[in-house]
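Okay, so here's the structure we're looking at.
The values are calculated or read from the model by the stated rules, or taken from the named source; none is laboratory data. Just so we're clear, the structure is a prediction, and the values are computed from it rather than from any experiment. Counting neighbours? That spans all protein chains shown, and the Cβs are built from the backbone with ideal geometry, glycine included. SASA here: full protein model, heavy atoms, side chains in, ligands and nucleic acids out. Shrake-Rupley method; radii C 1.70, N 1.55, O 1.52, S 1.80 Å.
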Amino acid sequence: MATIIEMKNVSKRYDDGFEALTNLNLKIESGKFYSILGPSGSGKTTVLRIIAGFSDITSGALYFDNQNITDMPANQRKVNTVFQDYALFPHLNVFDNIAFGLKLKKRPKEEIKEKVANALEKVRLPQHSDREISELSGGQKQRIAIARAIVNEPKVLLLDESLSALDKKLRKDMQYQLRRLQKDLGITFVFVTHDQEEALALSDEIFIMNEGKIIQNGTATDIYDEPVNRFVAEFIGESNIVDGVMKVDYSVEFVGKTFECADAGMQQNEPVHVVLRPEDLDITLVDEGKLTVTIVSQMFLGNHFEVNAVDEDGNQWLIHATNSVSVGQKVGVYFDPEDIHVMRIGESQVDFHNRIEEYGE
Amino acid sequence: MKKKSKFELIYLTLVMIVLYFPIFYLIYFSFSSGDSMSYFESFTFDHYQALLNDPRLIRIVLDTILLALLASLFATMIGTLGALYIHQVKKKSVRNSLLSLNNILLVSPDVIIGASFLILFTFAGFSLGFYSVLLSHIAFCVPIVVLMILPKLKEINPTLIDAAYDLGASKYKVLSAIILPLITPGILSGFFMALTYSLDDFAVTFFLTGQGFTTLSVEIFSRARRGISLEINALSTLMFLFSLLLVIGYYFLSRYNQNRKINNQKKKVTK
């Protein structure tokens with residue numbers, strides 16, 4: 001698919017010397033749902049503000065449809081934004097808020113009416129055209145803000161932490177609606193969030209950011225299954241991370257034992273981080289397990305039990321079990337070689353991909 | 001709670017009496033047929049009659065109102081632009097010094113402002129009269145307007161401005177379609193504050209009226225100096241009633257607006 005937005009070596013330094021983005025490269029293809037995911041202060045909102053044109057960049061270039069738009073003012077860009085606080089105009093009613101962009105373009109009245117009605121239909125609030133903004137609930141404001149943005153038919157829709165102000169149930173509902181809308185409209189969505197579950201559920205592709213850099217990008221499953229470093233592994237989902245040593249290809253030693261694994265391409269006896277996802281660990285009998293652990297606590301979370309256990313060397317293990325266990329019980333833990341994910345310390349995403357290419361998965 | 005409110009009531013009543021007693025005393029004697037306020041003779045409308053037959057006084061009243069309207073109108077325009085400028089200054093030190101310059105004008109005594117304008121106008125060879133008073137009134141009303149509008153500007157959520165640009169608005173459109181409507185309450189209250197400041201200003205005006213032109217406050221002062229005439233009481237009563245009417249009118253206007261909003265909401269709910 002065609003690249004619609006590209007950032008080349010973009011850096012952003014504020015007047016007070018704070019470097020929000022460092023040599024950032026990013027490519028966004030048209031028609032997909034992207035998430036930019038990171039903890040607060042990682043620079044994800046800055047990326048969005050730069051694409052929208054609210055922030056200038058210190059160095060580097062920004063391309064839209066292969067055209068350099070680094071210096072183009074925000075009001076000429078073909079992107080629209082849904083703001084975190086919705087930013088609906090309080091002195092205008094719902095209709096006038098949505099029609100704002102179309103009126104600026106001096107479209108004929110009939111067309112504006114039709115398009116506004118259409119946009120309201122899309123966000124499933126067709127009866128709310130003459131409401132005041134102050135009469136709307138949070139979720140309704142959210143949807144009106146989306147309608148106001150999509151009525152202008154942008155090629156890219158930017159969403160800044162747009163669901164973070166909603167309660168959990170409403171948020172789930174809005175996630176489905178966003179996904180449906182993106183499929184309906186066929187335009188690119190760039191969604192900024194700090195909620196990893198949200199990003200995993202919604203996105204075709206995710207950019208993980210930390211300290212002004214993109215740490216990893218890829219599909220949700222790619223990132224979940226093959227985190228490139230400890231930061232990503234901890235940020236995306238829950239995981240058990242232990243120090244280990246790569247003995248030879250396809251063999252790794254941790255917690256004093258050597259295990260068969262699916263990773264290769266590292267030096268002999270190289271120190272590594274080993275990631276085991278809690279849902280990949282199965283509780284079995286002590287003789288059948290690869291590790292022996294003692295159950296410390298367990299919590300019922302509705303669809304599974306979250307079990308905390310500790311092995312003979314004192315390492316903590318988080319296990320998602322389908323059946324209840326009893327605290328204090330000694331059990332075995334079983335996992336397959338593919339469940340072990342070995343991360344080289346300080347390996348960048350590029351090196352990681354090159355190594356994977358060479359050795360296959 | 002009850003006891004406390006009783007004390008509050010007594011206190012409030014006392015304050016009100018102290019504040020309003022002189023005015024009501026004045027009003028009371030405006031209906032007395034005598035020539036002085038030492039004792040009430042008999043009820044009469046004579047002083048009001050005399051007022052209506054005094055074309056000079058009526059002219060002065062009209063002049064004063066015209067002056068106040070013009071001064072507050074210009075002051076509102078200049079003050080709005082000034083507030084917009086001060087608000088968009090990025091450097092904090094510059095913004096604060098501008099604001100301080102604005103505030104100094106507000107707190108400096110009227111006598112000094114009046115005297116300095118007198119010196120300026122005589123130095124520049126500007127003849128004293130309606131225009132000199134108008135210029136000085138505009139000058140001391142601008143800071144008030146600025147102060148009334150700035151908080152409204154600060155209240156505006158900056159993402160609203162971002163959103164307007166995002167939807168394709170030009171700088172001018174952002175100002176006319178977003179900022180101005182949002183600060184309109186501030187502009188209106190600035191206008192009314194300026195109006196009252198200009199209407200009852202004495203000190204500055206006193207320096208700058210020159211010959212031939214005078215405002216109500218200056219006229220009342222000069223008449224009171226020549227000896228109390230109960231005609232002034234009648235005039236003061238009328239002015240008091242007029243301002244009372246303004247306040248009541250303002251109250252009902254704001255009530256009406258609120259009710260309309262609530263009714264709108266009710267209508268929609270029942271619909």
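Classification of the stretch A:154-203 by its C-alpha gyration tensor yields a prolate form. The axis ratio a/c (a ≥ b ≥ c) is 1.5 or more, and a/b outweighs b/c.
For a paramagnetic label modelled on A:LEU301 (point 7 Å from Cα along Cα→Cβ), amide N atoms under 13 Å away belong, within the stretch A:198-239, to A:236-239.
In this structure, the amide hydrogen of A:PHE207, modeled 1.01 Å from its nitrogen in the peptide plane, lies closer than 5 angstrom to those of A:SER35, A:ILE36, A:LEU37, counting only residues at least 5 positions away or on a different chain. Positive contributions from Lys and Arg (+1) and negative ones from Asp and Glu (-1), summed over other residues with Cβ under 13 Å from the Cβ of A:LEU21, come out at +3.
Just the accessible area per residue of the protein assembly as shown, please: how many Å² with a 1.4 Å probe? Write down the numbers at each step before the final one.
Numbers: 33900 Å² over 632 residues.
Using a 1.4 Å probe on heavy atoms only, each residue of the protein assembly as shown averages 54 Å².
Among the listed pairs A:LYS78/A:LYS103; A:LYS32/A:LYS183; A:LYS44/A:LYS122, which have their C-alpha atoms separated by more than 18 angstrom in this model?
Working: A:LYS78/A:LYS103 16 Å; A:LYS32/A:LYS183 9 Å; A:LYS44/A:LYS122 28 Å.
Check vs 18 Å cut-off fails for A:LYS44/A:LYS122.
Over chain A, DSSP H runs of length four or greater, each weighted -39,500 (n - 2.57), average out per residue to a 222 nm ellipticity of -8000 deg cm²/dmol. Computed on the Cα atoms alone, the convex hull of the stretch A:245-361 gives a volume of 115 cubic angstrom per residue. Diffusion of the stretch A:67-173 by Stokes-Einstein, at 10 °C in a medium of 1.306 mPa s and with Rh set to the Kirkwood radius over alpha-carbon pairs, works out to 110 µm²/s. Amide H contacts of A:PHE259: A:VAL252, A:GLU253, A:PHE254, each under 5 Å away and 5 or more positions distant or on a separate chain (H built 1.01 Å from N in the peptide plane; Pro and chain starts excluded).
Rounded to the nearest 5, the antiparallel percentage of DSSP beta bridges internal to chain A is 75%. Projected onto their three principal axes, the Cα atoms of the stretch B:39-196 cover extents of 72, 41, 30 Å, largest first.
Other chains near A:85-93: what is the mean number of their Cβ atoms within 10 Å of each residue's Cβ?
On the way: counts 4, 4, 10, 3, 9, 5, 7, 3, 1.
Across the residues of A:85-93, the mean count of other-chain Cβ atoms within 10 Å is 5.
Say a paramagnetic label sat at a point 7 Å from the Cα of A:TYR14, along Cα to Cβ; which residues of the stretch A:188-217 have their backbone N under 16 Å from it? Counting backbone N atoms under 16 Å from the label point, the list is A:211-213.
Based on alpha carbons, the Rg and Dmax found for the stretch A:181-339 are 18.0, 55 Å.
At 0.36 nm per residue, minus the direct Cα-Cα distance, what do B:SER42 and B:THR122 gain on full extension? Give it in nm, one decimal, please.
On the way: separation 80, 0.36 × 80 = 28.80 nm, distance 4.96 nm.
That pair, B:SER42 and B:THR122, stretches by 23.8 nm at full extension.
Each part reduced to its alpha carbon centroid, the stretch A:51-87 and the stretch B:84-100 end up 28 Å apart.
If the limit is 23 Å between Cα atoms, which of A:LYS27/A:LYS106; A:LYS12/B:LYS91; B:LYS90/B:LYS171; A:LYS115/B:LYS171; A:LYS105/B:LYS171 go over it? Correct reply: A:LYS27/A:LYS106; A:LYS115/B:LYS171.
Over all directions, the projected convex hull of the C-alpha atoms in chain B averages 23.4 nm² in area. For the protein assembly as shown, the orientation-averaged shadow of the C-alpha convex hull comes to 44.9 nm² (one quarter of the hull surface).
Averaged over peptide B:166-177, how many Cβ atoms belonging to another chain are found within 10 Å of each residue's Cβ? Walk me through the numbers before you get to the answer.
Values: counts 19, 20, 13, 6, 4, 2, 0, 4, 1, 0, 0, 7.
Mean shielding count: 6.
So which aspartates and glutamates can A:LYS169 reach, going by Cα to Cα under 15 Å and dropping same-chain residues fewer than 8 places off? By straight Cα distance, A:LYS169 reaches A:ASP195, A:GLU197, A:GLU198.
Cα extents for the stretch A:282-334 along the principal axes, largest to smallest and rounded to whole angstrom: 29, 20, 15. For the stretch A:1-157, a/c is not less than 1.5, where a ≥ b ≥ c are the root eigenvalues of the C-alpha gyration tensor, and a/b tops b/c. That puts it in the prolate class. Remark: spin-label model distance B:TYR20-B:LEU180 equals 4.1 nm, labels positioned 7 Å along the Cα→Cβ axis.
By accessible area, using a 1.4 Å probe on protein heavy atoms only, the stretch A:3-225 has 45% of its surface on carbon and sulfur. Projecting the Cα atoms of B:GLY114, B:LEU246, B:LEU230 onto the dipole axis of chain B, where Lys and Arg carry +1 and Asp and Glu carry -1 at the beta carbon, places B:LEU246 farthest toward the positive end.
The alpha-carbon atoms of chain A, seen along their principal axes, cover 77, 45, 39 angstrom, with the largest extent given first.
Backbone geometry of the stretch A:182-197 corresponds, through the Karplus equation with coefficients 6.51, -1.76 and 1.60 at θ = phi - 60°, to 3J(HN,Hα) couplings of 5, 5, 4, 7, x, 9, 7, 10, 10, 10, 9, 7, 10, 9, 5, 4 Hz, x marking Gly and Pro. The residue list B:TYR172, B:PHE21, B:LEU216 was ranked by how far each Cα lies along the charge dipole of chain B toward its positive end, using unit charges on Cβ atoms, and B:TYR172 comes out on top.
Counting only other chain Cβ atoms within 10 Å of each residue's Cβ, the peptide A:96-105 averages 4. GNM on chain A, alpha-carbon springs under 10 angstrom: the most fluctuating residue among A:ALA149, A:ALA220, A:ALA61 is A:ALA61.
Estimate the FRET efficiency between B:ASP35 and B:LEU135 by the formula 1/(1 + (r/R0)^6), using the beta-carbon distance for r and 60 Å for R0, to the nearest 0.05. Display every interim value, and only then the final one.
On the way: r = 39 Å, r/R0 = 0.66.
Efficiency computed from Cβ-Cβ geometry: 0.90.
Between B:LEU101 and A:VAL327, the FRET efficiency estimated from the beta carbon spacing at R0 = 60 angstrom works out to 0.25.
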